[in-house]
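Read-outs: derived from the displayed coordinates by stated rules, not from any lab. This one's a predicted model, so the numbers in the text were calculated from it and none came from an experiment. Quick reminder, even Gly has a Cβ in these numbers, built from the backbone with ideal geometry, and neighbours come from all protein chains shown.
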Amino acid sequence: MSSELEVALTQLFKKKGKASLTEKEFVFAASLDFRWFSPKDAQRFMELGIDSELLTRDGDKVLPAFDFQSIEIIPSYKPNAEILRTAAQPKGIFMKLVDDVSGLRGMQRKDVISLVNATQDAMGVEPEVAALVVAQDMGVDISQYLDKVEEEVAARFKKM
């Protein structure tokens, strides 16, 4: 299942008929062509795509970093302005672990997250720690993630 941000980005690229757009073309399309956002919000929309790692920059161009061709377009689609407030934030270590497990095992993200949730409930640990346990159980080398998990969990507890 695709996120709202993935659907919106897919709509934009498919309606423009291109697999990459300059930043100006992207902002112009989201604001003036499709009248989805103001130019300032269209810029924010593009940045959300980049921050959430759904878009990548290649020089002055932006291009999808996901298989947008596999997502069906909806002819009358128009993203809600709420997408700018609720869209995915940059991937943390949790989602990177989920992605690694799903890629290695050919599982859907939601199934991996269900395993992590069950592990978290059973062990009474933070989600990132549960993700480490699941990743290790699935054969992922977790050594590269240990420091980052420690940083993220410690930062959350320092805020308390």
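Summary table
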{"read-out": "Nearest 10 degrees, 0 to 90: helix 4-16 Cα axis against the chain principal axis", "value": "30 degrees"}
{"read-out": "Stretch gain in nm, segment Ala118-Arg156, where the contour uses 0.36 nm per residue and the Cα spacing is subtracted", "value": "11.5 nm"}
{"read-out": "Cα-based Kirkwood hydrodynamic radius, region 93-158, one decimal, Å", "value": "11.7 Å"}
{"read-out": "Region 125-158 and region 27-81: distance between their alpha carbon centers, rounded to Å", "value": "31 Å"}
{"read-out": "Point-charge dipole on Cβ atoms (K/R +1, D/E -1) for region 16-160, about Cα centre, debye to 20", "value": "600 debye"}
{"read-out": "Long-range Cα-Cα pairs in the chain (distance over 26 Å), rounded percent", "value": "39 percent"}
{"read-out": "Two-site label geometry, Asn80 and Arg35: point separation in nm, points 7 Å out along Cα→Cβ", "value": "2.1 nm"}
{"read-out": "In degrees, nearest ten, helix 39-51 long axis to first principal axis of the chain (Cα)", "value": "30 degrees"}
{"read-out": "Sequence-distant lysines (8 or more away, or on other chains) whose Cα lies within less than 23 Å of Lys110", "value": "Lys91, Lys96, Lys148"}
{"read-out": "The chain: angle of helix 93-105 to the longest principal axis, Cα-based, in degrees nearest 10", "value": "90 degrees"}
{"read-out": "Computed E for Gln144/Met107 - FRET, C-beta separation, R0 25 angstrom, nearest 0.05", "value": "0.80"}
